[in-house]
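Visitor: Here it is, the structure in full.
The values are calculated or read from the model by the stated rules, or taken from the named source; none is laboratory data. This structure is a prediction, so every number in the text was calculated from the model and none was measured. Reconstructed Cβ throughout: ideal geometry from the backbone, glycine too, with neighbour counts over all protein chains shown.
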């Protein structure tokens with residue numbers, strides 16, 4: 001592999017970084033003009049920077065509630081499509097198909113659905129269908145997941161390193177291993193908070209409509225994204241403090257673990273690369289490798 005050695009001018013990372021995502025052997029960091037990927041291998045590592053078009057819109061639409069959340073949700077879907085593997089994509093596709101199928105049934109037989117919705121077992125039966133789907137997909141990958149049992153801890157540690165690096169970047173701290181190590185593993189930008197807002201909303205809509213319809217999922221996601229954005233305002237942060245505590249507790253106890261120095265170094269290398277230069281001029285550029 002060719003290693004590009006470039007003298008790059010630092011650019012503010014705080015204004016560019018959008019978020020990140022951990023994986024079994026590394027980290028993604030997403031910025032307005034690039035995606036940085038750190039991959040850890042048994043014989044070294046690879047750090048690459050890909051050009052992207054994730055710049056957040058600054059037009060009048062970003063000022064309109066709900067509309068702005070729909071736009072951000074669209075960007076989130078784009079990020080997931082760029083980084084998820086084949087199995088997660090297949091799972092999400094199956095869930096989408098099942099959701100749309102239930103909507104079609106509702107449109108064709110509305111009388112039956114409305115009558116059946118008076119029974120508590122009706123909504124439960126649709127949740128059961130989702131549960132069966134999740135179990136079936138889980139069984140398909142169980143053999144593979146067993147191989148990764150030990151690596152699950154690494155996933156949670158990389159997740160912790162990702163949060164620490166993002167917190168350091170947002171505070172304009174020098175992105176050294178020591179400074180990143182001092183940061184919290186809890187991040188206000190973690191998708192866990194979005195899920196904590198989403199679940200009560202979707203259960204409430206499903207209960208009120210008597211159906212587990214895809215439109216309920218979409219509406220709940222958009223509303224959850226709106227609440228996710230509102231907590232940046234002090235008043236709403238206080239109002240939704242109990243839910244934020246739930247998210248923080250879940251992140252701290254389950255979704256993240258304290259990273260090793262090696263993983264902190266990986267996060268430091270990757271997040272610093274966001275600020276080096278105006279973005280990757282090529283579709284993909286290798287900036288560092290250490291593969292023997």
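Visitor: Please enumerate the residues belonging to the stretch 256-292 that are over 22 Å from residue 172 (Cα atoms), crowded, with 17+ Cβ neighbours inside 10 Å and at pLDDT 90 or above.
Guide: The answer is 256, 257.
Visitor: Please enumerate the residues belonging to the stretch 155-180 that are assigned to a helix (DSSP H, G or I), within 21 Å of residue 18 (Cβ to Cβ) and more than 20 Å from the chain's Cα centre (by Cα).
Guide: Selection gives 179, 180.
Visitor: Taking residue 146 as meeting all but one of (1) modelled with pLDDT of 85 or more; (2) surrounded by fewer than 15 Cβ atoms within 10 Å (Cβ to Cβ); (3) farther than 25 Å from residue 77 by Cβ, write down the number of the exception.
Guide: (1)
Visitor: Applying the selection to the stretch 204-245, what residues are surrounded by 13 or more Cβ atoms within 10 Å (Cβ to Cβ), at pLDDT 85 or above and over 21 Å from residue 70 (Cβ atoms)?
Guide: Correct list: 237, 239, 243, 244.
Per-residue answers, yes or no, for (1) under 22 Å from the mean Cα position of the chain (by Cα); (2) free of Cβ contacts under 8 Å to residues at least 60 places away in the same chain; (3) not in a helix (DSSP H, G or I):
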{"residue": "199", "(1), (2), (3)": "yes, yes, no"}
{"residue": "202", "(1), (2), (3)": "yes, yes, no"}
{"residue": "205", "(1), (2), (3)": "no, yes, no"}
{"residue": "215", "(1), (2), (3)": "yes, no, no"}
{"residue": "219", "(1), (2), (3)": "yes, yes, no"}
{"residue": "225", "(1), (2), (3)": "yes, no, no"}
{"residue": "229", "(1), (2), (3)": "yes, no, no"}
{"residue": "232", "(1), (2), (3)": "yes, yes, yes"}
{"residue": "244", "(1), (2), (3)": "yes, yes, no"}
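Visitor: Regarding residue 188, is this residue in a loop (DSSP other than H, G, I, E, B) and surrounded by 15 or more Cβ atoms within 10 Å (Cβ to Cβ)?
Guide: yes
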